[in-house]
Every structure is written in C-alpha cells, then in structure tokens.
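> Okay, handing you the structure first.
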There are 2 protein chains.
Amino acid sequence: MTGTSPRRGGSTLAEVAKAAGVSKMTASRVLRDASGFSSETRDRVLREVERLGYVPNRLAAAFGSDQTSTLVGVCVPRLTSSLFGSVLDSIDHTLSKFGYQTMIGAHEQSPQAEESWLRAILAWRPAGVILSGRKHTPGTVEILRAQSIPVVEIWNLNTSPLDVSVGFNHFDCGYEMGRFMLGRGHSNIAYVGAESNAAGMGEVRYQGFENALADAGVECVAKEVLVDRPGFYAGFYGTETVLSRNAEIDSIYYHDDTMAVGGLFYCKSKGMRIPDDIAIAGWGGMEVASVLPERLTTTSVTTQALGKSAAEALVARIREEPVEDVLVASTRLVPGNTV
Amino acid sequence: MTGTSPRRGGSTLAEVAKAAGVSKMTASRVLRDASGFSSETRDRVLREVERLGYVPNRLAAAFGSDQTSTLVGVCVPRLTSSLFGSVLDSIDHTLSKFGYQTMIGAHEQSPQAEESWLRAILAWRPAGVILSGRKHTPGTVEILRAQSIPVVEIWNLNTSPLDVSVGFNHFDCGYEMGRFMLGRGHSNIAYVGAESNAAGMGEVRYQGFENALADAGVECVAKEVLVDRPGFYAGFYGTETVLSRNAEIDSIYYHDDTMAVGGLFYCKSKGMRIPDDIAIAGWGGMEVASVLPERLTTTSVTTQALGKSAAEALVARIREEPVEDVLVASTRLVPGNTV
DNA sequence: TTCCATTAAGTTACCGGTAACGTATTGCTC
DNA sequence: GAGCAATACGTTACCGGTAACTTAATGGAA
C-alpha cells in the first residue's frame, strides 16, 4: 500500500553517524550519554537522530553487549485478580522508570507452568525475573542456579529465598486473624478457600490460622478448599457446602475478600445475621469490601509497596548493589464488624 | 558465591554443534525443525542440547534474522481491572501458544502514555502490537505507519482501524441499555462514570445511551463522570453526588458493574428500594454481580473471546495471512431485576 | 620546551544466531 | 552410464549495536 516499505525499524546508528559526520561509536556514546564527546558533536548527532526518526535497536544492544539486557520476566498466578494486578502494575511502573521492559506470564499456581514459562523467558536473556509461585519445581531451581540470574520471589515472605524475597507474612496474617476471631468468642470456626492448581499462599495463611486455634486448644471444625479460582462465586458456593455439612459453624475465615464477600452474600441470602449468627473474615483489604454496608473484617495489604520494593530490589541486584535478602511488605488486621 | 559463573546463558549453538560433530547451521536447522538433516543427525544434536542444557538465544535469533522477532507489545488501560485482566490473560495465553512473548504496558487512558510506551516497545522490534486506547496521538499513528508494523486495536470496535480492530460495540451496548431502561418506564435517567485521564470507552457507551434516550425524546437528567478509576468506590460516591444534586432521578446507568455495585450499596444504605425507588444498570457482566441478592441488569461481554481473537488476528497479520479488518466480540444485555 | 594526563574521537572485533549459497553424495530415469 | 534432482550437509557473510583498544589534539606542570 505505502509502497516499498523501508527496512523494518527505520534507520540505523550507522546512518545517523554518517549523517552527523562521526563514527558509529561516537553516536553510540552520545545516545547512551556516556562521556567522550563534545557538546557540538552531541547536538549534531541528536539533530540527525531527530531528523531521521532513529529508533535504537534494543535487540541488537542487548545481544551485542552481554549482561545489558533490560528485559525482566514477571510471572504471577493470574492476571484477573485485583491484588496481583496492582502488584504487576506497580512492578511495571517501577521497572519502566529504570528503563526495563516487563514480560509477563501466569502460572495459576502450577509449578510446572512456572517452569515452562521460565524456560521460554530465559531464551530472551532477561536481566532478572520475578516469581510468585509458592513452590518451584526442582527444574526451576536448577535452571535459575545454572543461569545465575537475579531472582526476586514475591508475594510470600520466604526466609530462605533463592536470591531475594519480598512478600507478606501470610502465616502471621492467618495467625493474627485466628487469635482475633477466638478473642471475639468464636469457637466453631471454619476455613473456606480455593486453589486452581496446587496450593498457593492461602494455604500458608490457613496454617497460621490453624496454629492460632491450636495454641488455644481449638480445632478448625471444617476446611473447604474448592478446586477453582478464588472469587466471589467460589466464596458463595464454598460457604453453602461447608454450612450444609456442619450447621454448628459460627465463623468462617476466607481465602480472601472476594470469597468473603461471596460468603457474606450467601449467608445473608439465608437470613443469617452477621456477625451474630455467623462471623466472616477475609484477606486483602480489597476495594469491593469498602462499599458494603458491613465493614468486612480483613487484613489489608500493601500491594503497591510490594511491587515497588520487588522491582527496586531486582534492579539493585542487577546492578550488583547491596540488597536485603528478605523484605517484608506490611499487612494490618482491620477489625470490621463482621467478626 | 557459586564461584566463577560461566558465560551468562550457558552454552551456545556452536558448542552444541561441535559436540554433535556437525556445523552450527545443521544444528540450527534441527532446532527450528527445518528440513535438511537426517534423523540420526537430529537425535545426535538433540542429545547434546539436552546434555548441555542449551537454551537458545532468542535475542540473537530475533536480531540476526530481521523480521523474525517473536515479541508482541500489549498496552491496556490498567492491570487492576478484572475485565482487562481477563483479556490480557487470554491474549498472553494465545500468543504463547504461537510462540510469542507478551510485553505489557498500561496507559490509564492517556494517549501520551500510550505513545511513550509505544516508542519504548518499538526499540525491541516487536512483531506486532495490540493497543486499547480510544484515541491515539498523531505521533502514535505516525510511528506505526512509519514502522509498518501489524497493529490490532482492541476493546472498542473501530470501523476504520489503523490495521485490524477487534472489539465490543460499546455504542450499541449503551443504546440497547438506554432502550431497555426506557422500556421499563424510567424517565429520570442519570449516568455515572469515572475516567482516570481522557475519556475511554465508557464515554462511547454513554453516547449510545444518550442517543437511545434522545430517540425517545428523553434527556439524560444528569451525567457525573468522576476523575478517578472506575471501581466500587467511585460508584458509591458518584451516586451520592448525583443523587444529592437531583432527587428526581429514578434510574442510573453506570460505567461498569463495579461502579453499579458501588452505587447499589449506596442506594441500599439510604434505604432505597431497587428497582422501585431507583433502578441500576451496569456493564461488563462481572463476577461480583453474580453473588448479589439482586440480579444486576448489565451487559455481559466476552473478554476471553476478545483476547483470543485479537491475538489470533495479530498472528495472522504477522504471518501475512488474510484477516478480517474488523472483528466484533459479542455482548449481550442481561436483564436482571435491578431495572 | 618537554612530558604527561585528559579529552575527543576512530578502529577493530565480536555477540549468536540465520539467510543465501555452494558442494558432495545418493538414487533414479532414460 | 550419463544426466539430473533431491538430500544432507558445510561456508560465508551479515544483522546493529557495544567493549576494548588505539590515536590525535590540547593544555598544564615541571
């Protein structure tokens, strides 16, 4: 249509250099703002860059000089969650400020999916990767070691990370909520979660939760983990299931706020009073809960901060600057009036 | 720590070839499954690939042979929306099946942000890009033309696309809902939306909506568009604002379901009956609405299908296979009991 | 004035693949 | 058995940058 299209990607550095009457190397130096050129030369080069609409070829740059790739791979459980979306948003925003490009992937809590994503991504020689899986396959660990590439594990706090870990203390979140619910006089306590593949961090929160109950000599009377994505729908039906099996239940701790909201609506649809007939607690501090007539008892988490810290830590590791191995992103139990 | 790390990225094709006793080119052919080698040679090469843990360098491949990059850039308004998350998920999933890598970006409905993202991404010589902005800057359009790169515009149906458009007919969604609400006897109808920067597709839906009312000789009595991200919170407060200014309002059309749910809770908190005192309609068919005691009147949309179609269309364009210029993703008005 | 450090360049080689082309061997047809 | 196509390779050059090294000019100190 537009006639013979010029070579894809337009002009090259050599053309810019020639037009400016300098060598490729000098032009390269100007564009990377390295030293070794006069201000007149810089102006001349930049003028030609502008005139020719030169777009540098990062592929060539990353390829040519080993170790200089500015690609970063990020693999999250799923892209449809507002919490992971927020983390991803924050990571992408921070990384792009530092000049890195984000390549994404979703693993749905499947360690195998994470590994195959990793294999594909490593072919791009990324400067680093950010993982969120709870467990990694032996293959994943081996590859990462072999490539000796910076890795930031996010979401869960990992006290013995592969490299760097930035996350929430899910165990403590669960423990704290367990104590809180006990403190409000509940004793027939259930847990309702959902996992699409292998268990994710919800399981860690459950462990903390269970520990809190055990420390008080209480047992969790029911645990229902649906094979599904966590969400409103799963919360609704998980609640139905668990209550139909055990009518004594007086309180439920949910995988997250979406499930808690789903459960809340189930309970209300059955005419139960909250928290008198049944108490409900979530996790995540999601926006949806903020508009409910009830103030949902939950744990609010700092996803933006987590994403920013993770991205910054990764950049620091890439630049071989000192970084803390383990960074905690804060969480806070928000007592509402549903427990 | 781990001693002198070997060259980043491990072994090269040359090493594999040497170990297998063939030339680089033959090894390359085997790995790309091209023709021109015997089955014994293939086995020998693949054995060495396995033994050496060879990871191909896609950077080199993409760089070396012009036109063969398998990178695709995707820029969505934001990553925290379940709808865009679902589209992105579907795009990423489909693209990776075809061997492409997704590089993301978020523009928050700012055409400038989209342009600067595009400039950055083009430096990677992507095989194609997927855009979702309603408007593009002149610069964006010019760059795309100059690079003659396949582009798929998603989300809105664009009858005169830059290249290919895959989207929903937002205008019709609005029009249809307008007629539906009128048909239920409402006449003091308001609209509540939110836009973080420039107007997005919500504005297109509003235009369709307004047209439906106008065709029936009715005027939209109030339009409140918050400068904020669409969400539960914005829906709640937007409703408060619009109702405080006009007590006559008997029905509200919202930017999307999250805002509608926010509005629903505001109305219920004020003791209003739905739909008798006030009718509520959303857009998107989001999961959150499925667990409400009320069945929200909304337009359900096929985000997965949209993402898949967009990815497939882009791949087809890259491969220079014939593609429809304009592909419609389906939407369906779901009458609930909130209107 | 001589010497040396500094600045502003240029030159060369190379990153790891792939395209294009060349060549030896095999097997088949006429 | 000559001619030819198909198969299975090998060789060479190149993509567009950057690292590492070299060179020329300048200026200040001894």
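> Relative contact order (percent) for chain B, with alpha-carbon contacts under 8 angstrom and 6 or more residues of separation?
Numbers: 650 pairs, mean separation 52.5, N = 339.
Dividing the mean separation by the residue count of chain B yields 15 percent.
> Taking the label point as lying 7 angstrom from Cα along the Cα-to-Cβ axis, what are the distances from A:T68 to the corresponding position in the remaining copies, in ascending order and in nanometres?
2.3
> Here is a further query. Among residues other than A:H136 whose Cβ falls under 14 Å from its Cβ, what is the net charge (Lys/Arg +1, Asp/Glu -1)? Intermediate results must be reported in sequence, preceding the final value.
Values: positive: A:R119, A:R134, A:K135, A:R145; negative: A:E114, A:E115, A:E142, A:E153, A:D163.
Residues near A:H136 contribute -1 overall.
> While we're on this one: For helix A:232-245, what angle does its Cα long axis make with the longest principal axis of chain A, in degrees from 0 to 90 and rounded to 10?
Result, in degrees: 30.
> A further question follows. Within a Cβ distance under 14 Å of A:A329, other residues only, what is the Lys/Arg minus Asp/Glu net charge?
With Lys, Arg at +1 and Asp, Glu at -1, the neighbours total -2.
> Treating the beta-carbon of each Lys and Arg as +1 and of each Asp and Glu as -1, no other charges, what is the dipole magnitude of the range A:171-304 about its Cα centre, to the nearest 20 debye?
Numbers: 10 positive and 18 negative charges, 52 e Å.
The dipole magnitude comes to about 240 debye.
> Mind listing P(r) for the range A:170-301? All alpha-carbon pairs, 5 Å bins, whole percents.
Spelled out per bin, shortest first, that is 2, 12, 24, 26, 23, 11, 2, 0.
> Using the 7 Å Cα-to-Cβ label point, sort the distances from B:E324 to its equivalents in the other copies shortest first and give them in nm to one decimal.
Nearest to farthest, the other copies are at 5.4 nm.
> What residue among A:A216, A:A123, B:L296 has its Cα farthest toward the positive end of the dipole of the protein assembly as shown, where the charges are +1 on Lys, Arg and -1 on Asp, Glu, each on the Cβ?
Comparing the listed Cα positions along the dipole, A:A123 ranks first.
> Under the √(5λ) rule applied to the eigenvalues of the Cα gyration tensor, what semi-axes describe the equivalent ellipsoid of the range A:102-211? Give them in Å, descending. The partial results should precede the final answer.
Numbers: eigenvalues 216, 39, 20 Å².
In descending order, the three semi-axes are 33, 14, 10 Å.
> May I ask which of A:K97/A:K135; A:K268/B:K268; A:K268/B:K270 have a Cα-Cα span longer than 20 Å here? Intermediate values should be presented prior to the final figure.
Working: A:K97/A:K135 30 Å; A:K268/B:K268 14 Å; A:K268/B:K270 18 Å.
Listed pairs above 20 Å: A:K97/A:K135.
> Could you work out the Rg to Rh ratio of the range A:149-226, with Rh taken as the Kirkwood radius (inverse of the mean 1/r over all Cα pairs)? Don't skip to the end; give the middle numbers.
Numbers: Rg = 14.4 Å, Rh = 13.5 Å.
In the range A:149-226, Rg relative to Rh is 1.07.
> If you don't mind, another one. Seen from all sides and averaged, what is the projected area of the convex hull of the Cα atoms in the range A:34-175, in nm²?
Values: hull surface 45.7 nm².
So the mean shadow area of the Cα hull is 11.4 nm².
> From the Cα trace of chain A, what convex hull volume per residue do you get, rounded to a whole Å³?
180
> Let me ask another. Compute the angle between helix B:138-147 and the longest alpha-carbon principal axis of chain B, please, reported from 0 to 90 degrees and rounded to the nearest 10.
30
> Treating the Cα atoms of the range B:13-56 as identical point scatterers in vacuum, please give the log10 of the normalised Debye intensity I(q)/I(0) at q = 0.19, 0.33 Å⁻¹, two decimals.
Log-scaled intensity ratios, in q order: -0.43, -1.35.
> If the cut-off is a Cα-Cα distance under 20 Å, which lysines reach A:K223, setting aside same-chain residues fewer than 8 apart in sequence?
By straight Cα distance, A:K223 reaches no lysines at all.
> Counting only helical runs of four or more DSSP H residues, what would the 222 nm mean residue ellipticity of chain B come to if each run contributes -39,500 (n - 2.57) and the total is spread over all its residues? Present the calculation step by step, with values, prior to reporting the outcome.
Numbers: 12 runs with 147 residues, N = 339.
The per-residue figure over chain B is -13500 deg cm²/dmol.
> Can you list which of the trypsin sites (Lys or Arg not before Pro) found in the range B:61-170 are DSSP loop residues with at most 14 other C-beta atoms within 10 Å? Show your work: numbers first, answer last.
Working: sites: B:R78, B:K97, B:R119, B:R134, B:K135, B:R145; in loops: B:R78, B:R134, B:K135.
Hits after loop and neighbour filter: B:K135.
> While we're here: How far is helix A:39-52 tilted off the main Cα axis of chain A, in degrees rounded to 10, range 0 to 90?
70
> Give me P(r) over the range A:190-241, computed from all C-alpha to C-alpha distances, binned every 5 Å, as integer percentages.
5, 20, 28, 22, 15, 8, 1
> Right, another one. At 37 °C and 0.692 mPa s, what whole-number value in µm²/s does Stokes-Einstein give for the translational diffusion of the protein assembly as shown, with Rh from the Kirkwood sum over Cα pairs?
Details: Rh = 27.2 Å.
The estimated diffusion coefficient comes to 121 µm²/s.
> Compute the label-point distances linking A:K18 to its equivalents in the other copies; points lie 7 Å from Cα along Cα→Cβ; give nm, one decimal, shortest first.
Here the equivalent label points are 3.6 nm apart from this one.
> Looking at the range A:115-177, I'd like the Rg to Rh ratio, where Rg is from alpha-carbon atoms and Rh is Kirkwood's inverse mean 1/r.
Reported Rg/Rh (Cα atoms, Kirkwood Rh): 1.04.
> Could you order B:F236, B:F168 so the one with the most accessible surface comes first? Probe is 1.4 Å. Let's see the in-between values first.
Numbers: B:F236 35, B:F168 0 Å².
So the residues, ranked largest to smallest area, are B:F236, B:F168.
> Only Cα pairs under 8 Å and at least 6 apart count here; give the relative contact order of the range B:13-56 as a rounded whole percent.
Values: 36 pairs, mean separation 17.8, N = 44.
Once normalised by length, the contact order is 41 percent.
The values are calculated or read from the model by the stated rules, or taken from the named source; none is laboratory data. The model shown is predicted, which means the values in this text are computed figures rather than measured ones. When we count neighbours, we look across all protein chains shown, and the Cβ atoms used for this are built from the backbone with ideal geometry, even at glycine. Note: areas computed on protein heavy atoms with side chains; ligands, DNA, RNA excluded. Shrake-Rupley method; radii C 1.70, N 1.55, O 1.52, S 1.80 Å.
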